[in-house]
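Colleague: Before I ask anything, here is the structure I am working with.
The values are calculated or read from the model by the stated rules, or taken from the named source; none is laboratory data. Everything numeric in this text was worked out from a predicted model, so none of it was measured. Reconstructed Cβ throughout: ideal geometry from the backbone, glycine too, with neighbour counts over all protein chains shown. Keep in mind that these areas ignore ligands, DNA and RNA; they rest on the heavy atoms of the full protein, side chains included. Shrake-Rupley method; radii C 1.70, N 1.55, O 1.52, S 1.80 Å.
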Amino acid sequence: MDIRAIIMGVAFAVMWSSAFTSARVIVAHAPPVSALALRFLISGLLGVLIARMMGQKWRLTPMQWRATIIFGICQNALYLGLNFVAMQTIEASLAAIIASTMPLLVALALWLFMGERITPMAIGGLVAGLIGVSIIMGSRISSGVDLYGLMLCVAGAIALTVATLMVRGATSGGNHLMIVGLQLLVGSFALAVVAAGTETLVIDWSWQLVVAFLYTTLVPGLAATLVWFHLVDRIGATRAATFHFLNPFLGVAIAALFLGEALGIADLAGVAVIMAGILAVQVSRQRKVSANPP
């Protein structure tokens, strides 16, 4: 892995992790579902436009359409929608930690439900991840965290895990950015329907809201996707996924820096253990791919 790939991987992790902090600012000033629907609409239209400029086609394969619809609903509408609603009552750092466990949930589901063989290192990583989450949850629950918001974040992580398992390999065949743009538009439509029936459009306008919305739309929403595709093209999806181990630390660090969210000893210890668990699982998968090339 060369220095350029490392820079791209760290940049992606920073952009992904920062989305929770900017989302926390947005939901403090605007209805969460409506704001997210608008974000997806803008990001989706920009993604489709850039994809067309890159020569990508509207015509997708049946598997790509399946991936587009499933991910548009499960990742964008459910995972991010539930997290936006949850962050009205829970801190961005906690939401980021829960979302960061997705690689662990995917590995666990592949082992339990799909019969994928798992190495001792990966088992150790899963156990470490469970311990880390237990440390943080125990600390936060004893401190009076909003359980409803907490469960929304957990449900969102599960929705993303299910979507990941259902569409594995379905985006092969090119048109990656076009697929992402269409996924965002699917999510926007689904959330707009929900927002129309559940929210009153009352916005507390401020420069913080405008900056957070523009940042969320353009950086985590679009730039991170482009960086991810370039990283995967450069080093492969399995090696690129190793950078996910940075997400728990970056998520809490960015929230502490920009929102002043407090971090306890239990939070720091739990994050460190989760990071070790994710790294162990991802390295194990990388070694498995290297030992069994396609």
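Colleague: Looking at L165, is it modelled with pLDDT of 90 or more and either over 19 Å from L268 (Cβ atoms) or within 19 Å of the chain's Cα centre (by Cα) (or both)? Quick ask: steps written out before the conclusion?
Modeller: Working: modelled with pLDDT of 90 or more: no; either over 19 Å from L268 (Cβ atoms) or within 19 Å of the chain's Cα centre (by Cα) (or both): yes.
For L165, the condition - modelled with pLDDT of 90 or more and either over 19 Å from L268 (Cβ atoms) or within 19 Å of the chain's Cα centre (by Cα) (or both) - is not met.
Colleague: Also: Return the only residue of T217, T200 being open to solvent by 10 Å² or more (accessible area, probe 1.4 Å) and among the β-branched types (V, I, T).
Modeller: Sole residue among the options that is open to solvent by 10 Å² or more (accessible area, probe 1.4 Å) and among the β-branched types (V, I, T): T200.
Colleague: Something else now. Read through the list (1) without any contact (Cβ under 8 Å) to a residue 60 or more places away in the chain; (2) open to solvent by less than 30 Å² (accessible area, probe 1.4 Å); (3) of a type outside the set (V, I, T), then give the number of the only condition that F229 fails.
Modeller: Condition (2) is where F229 drops out.
Colleague: A further question follows. Cβ-Cβ distance below 6 Å, separation of 6 or more or different chains: which pairs start in the range 1-14 with a residue that is under 17 Å from L279 (Cα atoms) and surrounded by fewer than 16 Cβ atoms within 10 Å (Cβ to Cβ) and end on one that is at pLDDT below 90 and of a type outside the set (G, A, S)?
Modeller: Close Cβ pairs satisfying both conditions: M1/I235.
Colleague: Restricting the first residue to the range 129-148 and requiring it to be within 16 Å of V271 (Cα to Cα), which pairs with a second residue that is open to solvent by 40 Å² or more (accessible area, probe 1.4 Å) and in a helix (DSSP H, G or I) meet a Cβ separation below 6 Å and a spacing of at least six or different chains?
Modeller: Pairs found: I131/V273; G132/V273; I135/A269.
Colleague: Please work out which one of (1) in contact with a helix residue (DSSP H, G or I) (Cβ under 8 Å, 6 or more places away or on another chain); (2) part of a helix (DSSP H, G or I) is the condition K57 fails and give its number.
Modeller: Only one criterion is unmet by K57, namely (2).
Colleague: Is there any pair with a first residue in the range 92-116 that is part of a helix (DSSP H, G or I) and a second that is of a type in the set (S, T, N, Q) and modelled with pLDDT under 85 whose Cβ atoms are under 6 Å apart and which are 6 or more apart or on different chains, and what are they?
Modeller: Close Cβ pairs (under 6 Å, with a partner that is of a type in the set (S, T, N, Q) and modelled with pLDDT under 85) amount to V106/T164.
Colleague: Among I123, I141, I136, I98, which is at pLDDT 90 or above and among the hydrophobic types (A, V, I, L, M, F, W, C)?
Modeller: Testing whether each residue is at pLDDT 90 or above and among the hydrophobic types (A, V, I, L, M, F, W, C) leaves just I98.
Colleague: Determine if the range 46-63 includes at least one residue that is buried (at least 19 other Cβ atoms within 10 Å of the Cβ) and under 29 Å from A276 (Cα atoms).
Modeller: Among the residues of the range 46-63, not one is buried (at least 19 other Cβ atoms within 10 Å of the Cβ) and under 29 Å from A276 (Cα atoms), which makes the answer no.
Colleague: Out of the range 11-32, which residues are in contact with a Phe, Trp or Tyr (Cβ under 7 Å, 6 or more places away or on another chain) and of a type outside the set (G, A, S)? Give the steps one after another, and end with the answer.
Modeller: Going residue by residue through the range 11-32, those that are in contact with a Phe, Trp or Tyr (Cβ under 7 Å, 6 or more places away or on another chain) are 12-13, 21-23, 26-27, 32.
Of everything in the range 11-32, those that are in contact with a Phe, Trp or Tyr (Cβ under 7 Å, 6 or more places away or on another chain) and of a type outside the set (G, A, S) turn out to be F12, T21, I26, V27, P32.
Colleague: Test R66 against the stated conditions and say whether it is assigned to a helix (DSSP H, G or I) and either surrounded by 23 or more Cβ atoms within 10 Å (Cβ to Cβ) or small (G, A, S) (or both).
Modeller: no
Colleague: Right, I274: in contact with a Phe, Trp or Tyr (Cβ under 8 Å, 6 or more places away or on another chain), touching a residue at least 60 places away in the same chain (Cβ under 8 Å), assigned to a helix (DSSP H, G or I) and hydrophobic (A, V, I, L, M, F, W, C) or not?
Modeller: Numbers: in contact with a Phe, Trp or Tyr (Cβ under 8 Å, 6 or more places away or on another chain): no; touching a residue at least 60 places away in the same chain (Cβ under 8 Å): yes; assigned to a helix (DSSP H, G or I): yes; hydrophobic (A, V, I, L, M, F, W, C): yes.
Judged against the criteria, I274 is not a match.
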